[in-house]
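Working notes, beginning with the structure itself.
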Amino acid sequence: MDTESTHSGYSSRSGRSNRHGERGRERHKASGSKDSSRSEKSVILNPPETSSQDSPVRNGEPLPGEPSPGAEPADDGQDDNWGETTTAVTGTSELSISQEEVVGLGKGIEDRTRGFRRYLPLAAGLCGGLLVLATPLVFLLLPVIMWPERLQACGAACEGLFLSLSFKLLMLLAAIWALFLRPARASLPRVCACRAFLATLTLLLTMSYWLFYGVRILDAQDEDYHGVVQFAVSLVDSQLFVHYLAVVLLELRHLRPCYSVCVIRSTDGETRHYNMGQLSIQNAALAVLEYYYRDFPLHNPALLSASKHRAAKRLAGFKVYNVDVLRSRLRNLLRESPAAAAAAAAAAAAAQPANGNQSQATMAAAAKRKDAQSAHNELYYEEADYERRVRKRKARLAVAVEEAFTHVRRMKKEDERAAPSDIMDVREAALAVFPSMARALQKYLRTTRRQQCHSMESIQKHLAFCLINNMSPKAFLETYLSPGPTLRYGPERWLADQWTLVSEASVTSGVKDGGDFVLRCLDFNLAVSVKSIPYIRVSEEYVDPKSHKFVLLLQSETSV
């Protein structure tokens with residue numbers, strides 16, 4: 001491999017003395033002739049410079065130290081910290097490959113196989129449906145093509161079977177389209193057992209009819225065309241019954257609730273309960289994720305940092321002494337020079353009362369501070385102060401939004417009297433009044449730690465939507481006053497393709513009482529526990545209607 005094709009030659013061996021690109025190129029020119037014999041055994045590969053090469057990516061972002069894909073390359077092709085991000089691959093082969101190319105190749109293969117795995121079930125279902133629908137028609141056409149002169153005439157009964165067969169095939173086509181030819185909701189780790197059973201049953205049924213048709217009709221060249229038509233009609237009837245079985249297994253079986261599922265989010269303990277029917281573990285996990293995106297509030301890691309800051313603040317008043325380090329230092333001094341060790345011991349003895357008094361004073365002050373303001377009092381006042389600030393920001397935001405909506409209504413009344421050319425569009429009105437409420441809204445979102453959940457573009461779009469539909473200021477604020485479900489926000493916060501199912505039992509087996517599994521995500525986990533719904537016994541107790549009757553005796557001396 002030619003050394004001129006690599007970037008800065010052997011500059012990575014020079015350490016930190018040749019980090020700048022100009023000095024690296026000078027060293028490369030000076031040592032080019034000297035190291036030409038060794039260039040075939042040792043190759044230096046740097047991160048790619050141009051955008052045409054794929055760089056290693058972690059979660060859609062370039063590795064630290066690498067230029068972004070949209071950045072323009074520098075004149076010398078390297079940044080100031082290129083030495084710390086250089087990847088060196090050495091070996092005895094000329095066919096060396098960089099780590100970037102390996103990662104890019106694996107990512108490309110994964111992307112292609114992901115699309116293939118997504119549309120493979122749909123393609124297989126389409127082929128199976130065409131085979132099921134085409135088989136009865138082939139049964140009817142083969143005798144007409146192969147021995148037409150020997151076939152008997154088809155009477156009125158045979159023509160009625162033709163009509164019945166055509167309508168049954170039309171209904172079967174609509175049923176297959178409604179049940180099977182649908183886009184997949186998710187990619188499951190294993191094949192669904194019920195779908196595999198139905199596909200196998202359909203294949204066995206079709207093969208059995210083909211074998212019987214080949215032996216009894218094709219080989220014998222049956223002349224009774226009415227019997228051939230009845231045979232095709234019986235195949236369509238069997239296929240309709242198989243489709244009815246598919247509806248029962250895939251759509252109706254899990255509708256009856258049999259289990260109660262508890263879903264707990266690991267970070268903040270958010271909990272929901274759902275009822276489920278007879279499902280496999282992977283299908284139950286899919287149902288839990290669908291419920292999660294609909295019912296659980298958006299996961300906000302910023303709200304979880306308050307307890308960490310509180311613990312750090314509580315530990316800040318204490319000093320920590322490492323006795324082992326002090327002992328090791330004294331031992332080293334004793335080994336090196338006993339006189340210096342004796343002097344250090346004397347100084348330590350002289351400073352011991354002062355240090356002891358200082359440490360005792362520090363611990364006493366910390367104890368007093370802990371007694372004066374305990375942990376629960378600190379938590380109480382911190383939460384009270386936080387609620388006070390939230391109410392304050394909320395009141396300011398409500399006033400700002402009310403003034404903005406009042407201004408829009410005033411502008412709308414003025415536009416009714418203005419010329420058609422001077423009328424302002426609703427989106428333009430939203431852009432005009434947004435700055436008046438932007439600061440109050442931004443402060444409120446920062447106080448509630450939800451500023452990363454709402455972008456300026458989404459807020460403006462929601463404001464325009466509320467103005468178009470003539471909504472009130474309270475309807476506009478409801479989106480920001482309380483956290484909504486995950487589906488209410490952008491798809492970049494859904495993490496829809498980053499879930500991992502962890503289960504001790506096989507994911508194709510059904511859920512059972514006492515079973516549990518975990519759904520892992522990048523930032524948190526969903527722990528799912530399953531409990532069966534108990535058998536409920538309801539008894540009846542007969543109450544005699546006469547037992548509710550009573551007699552009111554009125555006396556003359558009463559006031560009634």
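Residue-wise test of (1) modelled with pLDDT of 90 or more; (2) among the aliphatic types (A, V, I, L, M); (3) under 27 Å from the mean Cα position of the chain (by Cα).
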position: 492; (1), (2), (3): no, no, yes
position: 509; (1), (2), (3): yes, no, yes
position: 522; (1), (2), (3): no, yes, yes
position: 534; (1), (2), (3): yes, no, no
position: 542; (1), (2), (3): no, no, no
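When restricted to residues that are touching a residue at least 40 places away in the same chain (Cβ under 8 Å), closer than 21 Å to residue 278 by Cα and not in a loop (DSSP other than H, G, I, E, B), segment 502-560 contains 10.
Checking 242, 236, 228 one by one, the residue that is more than 44 Å from the chain's Cα centre (by Cα) and open to solvent by less than 30 Å² (accessible area, probe 1.4 Å) is 228 and no other.
Within segment 240-254, the set of residues being closer than 29 Å to residue 167 by Cβ and in contact (Cβ under 8 Å) with a residue 12 or more places away in the chain comprises 240, 242, 243, 245, 246, 247, 249, 250, 251, 253. When restricted to residues that are of a type in the set (A, V, I, L, M, F, W, C) and open to solvent by 50 Å² or more (accessible area, probe 1.4 Å), segment 455-475 contains 4. I'd like to know if segment 208-217 contains one or more residues that are open to solvent by less than 50 Å² (accessible area, probe 1.4 Å), closer than 17 Å to residue 246 by Cα and in a helix (DSSP H, G or I). Scanning segment 208-217, I find no residue that is open to solvent by less than 50 Å² (accessible area, probe 1.4 Å), closer than 17 Å to residue 246 by Cα and in a helix (DSSP H, G or I), so the answer is no. Summed over segment 375-390, residues that are surrounded by 11 or more Cβ atoms within 10 Å (Cβ to Cβ) and either modelled with pLDDT under 75 or in contact with an Asp or Glu (Cβ under 8 Å, 6 or more places away or on another chain) (or both) total 1. List every residue pair whose Cβ atoms sit under 7 Å apart, with the two residues 6 or more apart in sequence or on different chains, where the first one lies in segment 142-169 and is within 16 Å of residue 227 (Cβ to Cβ) and open to solvent by 100 Å² or more (accessible area, probe 1.4 Å) and the second, anywhere, is in a loop (DSSP other than H, G, I, E, B) and of a type outside the set (S, T, N, Q). Between residues of segment 142-169 that are within 16 Å of residue 227 (Cβ to Cβ) and open to solvent by 100 Å² or more (accessible area, probe 1.4 Å) and residues that are in a loop (DSSP other than H, G, I, E, B) and of a type outside the set (S, T, N, Q), the close pairs are 152/223; 152/224.
Restricting the first member to segment 182-203 and to residues that are under 18 Å from residue 285 (Cα atoms), and the second to residues that are open to solvent by 50 Å² or more (accessible area, probe 1.4 Å), the beta-carbon pairs closer than 6 Å and six or more apart or on different chains are 190/508; 193/508.
The values are calculated or read from the model by the stated rules, or taken from the named source; none is laboratory data. Owing to the predicted nature of the structure, the values given are computational and were not obtained by experimental measurement. Backbone-built Cβ (ideal geometry, glycine too); neighbour counts: all protein chains shown. SASA here: full protein model, heavy atoms, side chains in, ligands and nucleic acids out. Shrake-Rupley method; radii C 1.70, N 1.55, O 1.52, S 1.80 Å.
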